[in-house]
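Encoded as structure tokens, the structure appears first; notes follow it.
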Amino acid sequence: MVRYQNIIMILLKIQRMIDIHWTTSGNIGKKTMPFTKVDQKGRMMLPSEIRRRMGISPGDEFVVDELGPDTILLKKVDVRAMIRDAIKRAKDVDLDKLEAEMTEEGDRVARKMYKILD
């Protein structure tokens, strides 16, 4: 009996630390965590409340990364804005200076790899 009480105390402490109350029905607790399933084509539907809160619309793009064995990270990105920014930055690049820097770096790496003295 004491062992189960210890386990329950630990679980309650963890629950308070992350401030999430799991519920199976109703709105008990501070925050409910919605569930979703992966369909046979590998798609997953984001809950409507999350889509509404984050302004997610059909066609929005995300970067997907695996953080651990059971954790996936989705990061909303605006690919068009990223491309516009890259083009804007590319227009400001001094190509002669870039070529000189690349040559200098290549020479430095070659000298280090083949132990060539200056």
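Here is how the numbers come out for the structure above:
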item: Label point distance in nm, Leu98-Asp70, each placed 7 Å from Cα along Cα→Cβ; result: 4.7
item: Long pairs among Lys41/Lys76; Lys41/Lys75; Lys37/Lys76; Lys88/Lys112, criterion Cα-Cα beyond 24 Å; result: Lys88/Lys112
item: Stretch gain in nm, segment Ile116-Lys91, where the contour uses 0.36 nm per residue and the Cα spacing is subtracted; result: 5.4 nm
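The numbers here are math on the coordinates, done by the rules we state, and not lab data. The structure displayed is predicted, hence computed values, not measured ones. So basically every Cβ, Gly included, is an ideal-geometry build from the backbone, and we count neighbours across all protein chains shown.
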